[in-house]
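J.: The structure follows.
No lab work stands behind these numbers, since they all come straight from the coordinates. Owing to the predicted nature of the structure, the values given are computational and were not obtained by experimental measurement. Cβ placement follows ideal geometry from the backbone for every residue including glycine, while neighbour counts extend to all protein chains displayed.
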Amino acid sequence: MNRFVRMPEILRLRICFFIVITFIWQHPAGGQPSVFSSGEVGFKAKVKDEVVPYKVMAAFLLPNEMLAIEVLDPEKGDDYVLEVAGEHTTQMGAAKWNWQAPQKIGVYSARIIHIPSQDSMTINIFVMVPFETLSGEYLNGYRIGKYPSIPWKLMPIYKPPKGFVEVTRENEETVVAPHFKLKQFLCKQQSDYPKYLVLKERLLLKLELILQKANEKGYQANTFNILSGYRTPYYNKVIGNVKYSRHLWGGAADIFIDENPKDDMMDDLNQDGKIDYRDAGVLYDLVDAMCGKPWYRGLLGGLGRYKKTASHGPFVHVDVRGFRARWGE
């Protein structure tokens with residue numbers, strides 16, 4: 001007789017339960033295993049002074065601003081082409097171009113193609129509304145508020161932003177990095193469209209790196225739940241946050257992993273059966289461990305962890321202010 005049949009009923013049930021749970025964990029949807037892809041392409045490009053290794057990335061420009069694009073360390077003898085709408089492209093070298101943004105506000109797409117492999121990188125370019133377009137505290141009916149007239153400690157990173165990305169129902173789903181969409185960074189204040197935000201390319205690069213490291217550690221996530229991305233000065237004041245929060249400049253995000261289950265709450269990362277400060281600590285430690293690495297130098301910034309409250313679960317704050325800052329350790 002088969003050994004499985006001879007087992008006690010309770011033991012057989014436990015084994016069957018374990019097999020089912022294991023299958024679901026390994027095949028979460030459509031019978032396909034959950035495998036994280038970093039979204040990297042077979043070459044790197046310098047786009048607006050940032051080194052981009054991904055198949056898709058965003059760039060933010062003012063009208064008529066020049067965007068420099070260059071493939072780094074191109075394969076000898078290989079050809080690269082840049083496909084982009086309009087007649088604003090100047091070839092500067094074998095794999096180097098300058099593209100001038102048009103006057104019209106909107107989203108434009110550029111694609112770098114490696115001819116031998118047909119591998120490509122897409123750059124979704126957002127031509128922004130200049131800061132000077134603000135009328136008092138409003139931009140096309142959307143309340144921005146007032147940026148501080150004096151930068152904190154006179155640092156240039158605290159000057160008012162150069163412009164705002166116009167977000168519409170038509171473009172809010174635009175991919176700005178392999179695992180993030182434009183709408184994830186919108187301010188939480190209630191308003192009609194169009195809405196406006198500020199977003200730094202460097203923040204996107206940092207979030208992608210953190211997400212990749214989290215998956216490598218076994219914390220499966222296809223993106224981060226962004227509790228707070230951009231904040232208008234108006235909204236930031238309403239919620240009582242600090243005057244010089246990096247959220248106002250589009251360089252900060254409050255994040256947590258929300259995959260199992262998807263319930264707008266941090267997952268139980270340390271598997272102690274509770275959702276609390278210690279789960280934020282897991283993500284905090286993962287980010288902090290990268291500090292000091294040579295490849296992380298350009299992504300230095302603030303890092304803080306926050307406890308669960310009546311209005312939100314635990315989360316981690318990350319930003320790209322350019323120097324180390326820590327709180328909630």
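J.: By how many nm would the segment from residue 135 to residue 190 grow when fully extended, if each residue of separation counts as 0.36 nm and the alpha-carbon distance is taken off?
T.: Values: separation 55, 0.36 × 55 = 19.80 nm, distance 1.93 nm.
Taking residue 135 through residue 190 to full extension adds about 17.9 nm, to one decimal.
J.: From Cα coordinates alone, what are the radius of gyration and Dmax values for region 143-276 in angstrom?
T.: For region 143-276, the Cα-based Rg and Dmax read 16.0, 47 Å.
J.: Shifting gears a bit: With charges set only on the Cβ (+1 for Lys and Arg, -1 for Asp and Glu), what does the dipole of region 220-273 come to about its Cα centre, in debye to the nearest 20?
T.: 640
J.: Can I ask one more? With runs of 4+ DSSP H residues as the only contributors, calculate the mean residue ellipticity of the chain at 222 nm using -39,500 (n - 2.57) per run, divided by the residue total and rounded to the nearest 500. Mind dumping the intermediate values first?
T.: Values: 5 runs with 56 residues, N = 329.
Counting only the DSSP helices, I get -5000 deg cm²/dmol.
J.: Then there is this: Please get the size of the charge dipole for region 32-105, origin at its Cα centre, with Cβ charges of +1 on Lys and Arg and -1 on Asp and Glu, quoted in debye to the nearest 20.
T.: On the way: 7 positive and 11 negative charges, 33 e Å.
Computed about the Cα centre, the dipole is about 160 debye.
J.: Can you give the direction-averaged projected area of the convex hull of the alpha-carbon atoms in the chain, in nm²? Spell out each step's value before the answer.
T.: Values: hull surface 90.5 nm².
Mean shadow area of the hull around the Cα atoms is 22.6 nm².
J.: Starting from the 7 Å offset along Cα-to-Cβ, what nm value, one decimal, do you get for the label separation of residue 107 and residue 90?
T.: Distance between the two pseudo-spin positions: 2.9 nm.
J.: Fully extended, how many nm does the chain gain between residue 326 and residue 260 (0.36 nm per residue separation, minus their Cα-Cα distance)? Walk me through the numbers before you get to the answer.
T.: Details: separation 66, 0.36 × 66 = 23.76 nm, distance 2.83 nm.
Net length gain for the segment: 20.9 nm.
J.: Shifting gears a bit: What residue among 261, 204, 236 has its Cα farthest toward the positive end of the dipole of the chain, where the charges are +1 on Lys, Arg and -1 on Asp, Glu, each on the Cβ?
T.: Checking the options against the dipole of the chain, the answer is 236.
J.: How big is the charge dipole of the chain about its Cα centre, in debye rounded to the nearest 20, if each Lys and Arg gets +1 on its Cβ and each Asp and Glu gets -1 on its Cβ?
T.: Details: 42 positive and 37 negative charges, 209 e Å.
It works out to roughly 1000 debye.
J.: Which Cα, out of 164, 296, 194, lies furthest along the positive dipole direction of the chain (beta carbon charges, K/R +1, D/E -1)?
T.: It is 296, whose Cα lies furthest towards the positive end.
J.: Another question, then. Between their Cα atoms, which of 48/206; 195/243; 55/213 are more than 20 Å away from each other?
T.: Long pairs (Cα-Cα over 20 Å): 195/243.
J.: Now a separate question. Suppose the chain between residue 81 and residue 38 were pulled fully straight at 0.36 nm per residue; how much longer would it get relative to their current alpha carbon spacing?
T.: Values: separation 43, 0.36 × 43 = 15.48 nm, distance 2.36 nm.
Additional length available on full extension: 13.1 nm.
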